[in-house]
Amino acid sequence: MSENRWDALVVGAGAGGLCAAARLSNHGYRTLVVERLDRVGGRASTDEIDGFRINSGAVVIELGGITEQTFTEVDAKFEVRPADPPILYRINGRDVDVTSGGWGLLISQLTRHGAQLLTGIGAARADGGLPDRELSTADWVRRYTKHDAVQGIFRNMCGSIFAVGSEELPARVFLTYFTRKSAFKRFGFCPEGTIGMWKALAEVVERNGGQVWLDTEAERLTVEDGRVTGARIRRGGESLDVACDFAVSDIGPSATLDLVGPEHFPSDYIGTVLQGDLPCGMISVNFASREPLISAPGLLSFARTRRLCYVANFTATCPEMAPEGWHLYVGTGVPKPSIGDFDADAETALVLQDLREEIPDFEQARILSIAVTRDGWPPQRAVAGYDLPHDTPIPNLWNVGDAVKEYANGGTTACAETAKIVVDEIRRRHPVTSTPD
Ligand SMILES: Cc1cc2nc3c(=O)[nH]c(=O)nc-3n(C[C@H](O)[C@H](O)[C@H](O)COP(=O)(O)OP(=O)(O)OC[C@H]3O[C@@H](n4cnc5c(N)ncnc54)[C@H](O)[C@@H]3O)c2cc1C
């Protein structure tokens with residue numbers, strides 16, 4: 001079999017691309033992954049700064065959901081160390097664990113008048129109990145209470161899970177997620193940094209006879225008679241043509257459209273893609289200290305911050321993420337507005353102000369990096385509730401990743417889910433034909 005002829009071509013080695021590639025290769029498809037960067041993981045990768053493992057995007061990985069299921073099915077090493085309890089909420093100066101008490105305990109800590117809000121959550125569990133699509137999460141909360149801290153907690157939950165504020169997230173998405181989905185109830189950190197997850201999947205692809213080509217950019221997907229036939233790629237300074245039976249793109253429908261050429265798509269599809277191309281923004285402050293700065297072993301979230309949604313404490317469970325004697329954290333905030341343009345300097349200043357107020361001795365911490373992720377490198381390529389379809393008008397081309405999430409899902413979990421759905425569809429339409437070497 002020629003190096004340039006594959007069953008499956010996967011463009012992009014992010015969470016969605018590698019979950020798809022690992023599944024495809026595990027089912028016997030000869031799979032090539034091309035990734036333009038020099039490492040895997042995309043927006044869920046890791047950089048090393050002075051011996052600290054700094055995640056460039058995703059921080060926590062869900063346990064017990066579709067991501068873990070993917071790793072089990074393809075026999076990949078799933079190294080996620082659980083944080084227990086996963087999250088504490090700082091309410092009135094105390095860090096409260098609501099793991100066993102759930103919504104009732106959380107809301108009772110915030111306000112004595114929370115009963116109605118609990119009734120609202122209860123109603124959402126019933127068939128037909130979800131609010132209209134237009135109502136924002138903030139407006140839904142306002143129906144029950146005007147309490148600032150309650151609004152603050154809901155805002156920070158929306159930010160942590162969906163990377164948008166509660167004003168921008170439909171209440172229907174929020175309530176669907178918490179009443180009908182796995183909802184990131186248990187999660188942990190990958191000790192190698194989040195990149196470790198995707199390296200394990202890249203190993204599966206190669207073990208199954210596929211390849212992952214780094215520093216390799218897809219310049220064009222070639223289309224003949226309305227079907228993808230391969231790609232023109234740039235590798236080692238040279239252009240090369242590869243042929244494939246079908247292609248899976250992990251770069252978002254909008255970039256995929258450019259890669260194929262809009263002339264190959266009907267105008268209504270182009271309109272849908274351009275309308276749904278709504279990336280949001282996030283601000284992450286990576287910092288370290290010699291003394292522990294928080295006691296929460298996983299995430300610490302807040303009720304009264306301006307922008308800061310959570311601080312993650314990596315070294316409490318994964319000391320190998322920092323040089324000996326150091327504690328490593330990230331504080332993450334969602335800007336206002338969280339969709340569209342925002343003033344990055346002013347919004348970063350507000351995240352830093354929150355960190356100074358919430359984390360005693362933050363002033364003594366060493367700031368390792370501040371990352372503003374937005375535009376072409378967003379925390380979510382589509383706002384939850386406004387996702388695009390994973391299939392395309394080209395019958396052998398699919399999208400995976402966080403622009404084509406299932407309704408009310410988010411992050412790497414959503415990416416793993418899109419990969420399963422797309423690969424199941426591919427198996428129905430393109431049964432394996434190649435014989436092993
Ligand atoms: C700050 C931040 C915090 C987050 N926190 C969490 C969290 O704690 N938990 C969680 O689950 N999720 C989190 N997320 C979201 C999560 O990181 C993303 O949902 C997920 O990583 C998106 O993966 P993807 O597969 O959709 O695409 P991407 O990660 O964008 O992967 C696409 C890949 O395609 C490559 N590429 C692009 N164009 C080409 C081309 N022409 N040829 C070849 N390669 C190409 C890119 O380089 C990239 O590697 C966070 C994100 C950010 C930014």
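Listed values, structure above:
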item: Size of charge dipole - region 280-373 - debye, nearest 20, with Cβ of Lys, Arg +1 and Asp, Glu -1, no other charges; result: 160
item: Relative exposure of THR373, THR413, judged by other C-beta atoms within 10 Å (fewest first); result: THR373, THR413
item: Percentage relative contact order, region 99-180, counting C-alpha pairs under 8 Å, at least six apart; result: 33
item: Charge tally in the Cβ shell below 14 Å around LEU201, where Lys, Arg are +1 and Asp, Glu are -1, LEU201 excluded; result: -3
item: Cβ crowding within 10 Å averaged over residues, with 30-42, 245-257 ranked highest first; result: 245-257, 30-42
item: Max mean-square fluctuation residue, GNM over the chain, Cα-Cα springs under 10 Å, options PHE162, PHE184, PHE342; result: PHE342
item: Separation in nanometres of the label points that stand 7 Å from Cα toward Cβ, at ARG234 and GLU134; result: 4.6
item: Nitroxide proxy distance, nm - points 7 Å out along Cα→Cβ at ILE49 and ASP225; result: 5.3
item: Residue pairs, from the table LYS77/LYS199; LYS146/LYS181; LYS181/LYS405; LYS199/LYS405, whose Cα atoms sit over 21 Å apart; result: LYS146/LYS181; LYS199/LYS405
item: Proxy reagent accessibility, fewest Cβ within 10 Å first, across CYS415, CYS190; result: CYS190, CYS415
item: Residue of LEU274, LEU259, LEU355 that the Gaussian network model of the chain assigns the largest fluctuation, springs spanning Cα pairs under 10 Å; result: LEU274
item: Neighbour-count ranking [beta-carbon atoms within 10 angstrom, fewest first] of THR46, THR137, THR176; result: THR176, THR46, THR137
item: Contour minus Cα-Cα distance for ILE270 and ARG94 (0.36 nm per residue); result: 58.4 nm
item: Only Lys, Arg (+1) and Asp, Glu (-1) charged, at Cβ; the chain dipole about Cα centre in debye; result: 1320
item: Cα convex hull volume per residue for region 328-405 (Å³); result: 131
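Readers should treat all values here as calculations from the given coordinates under stated rules, not as data from a laboratory. No experiment lies behind these values; they were computed from the predicted model shown. Positions of Cβ are generated from backbone atoms using ideal geometry, with glycine treated the same way; all protein chains shown enter the neighbour counts.
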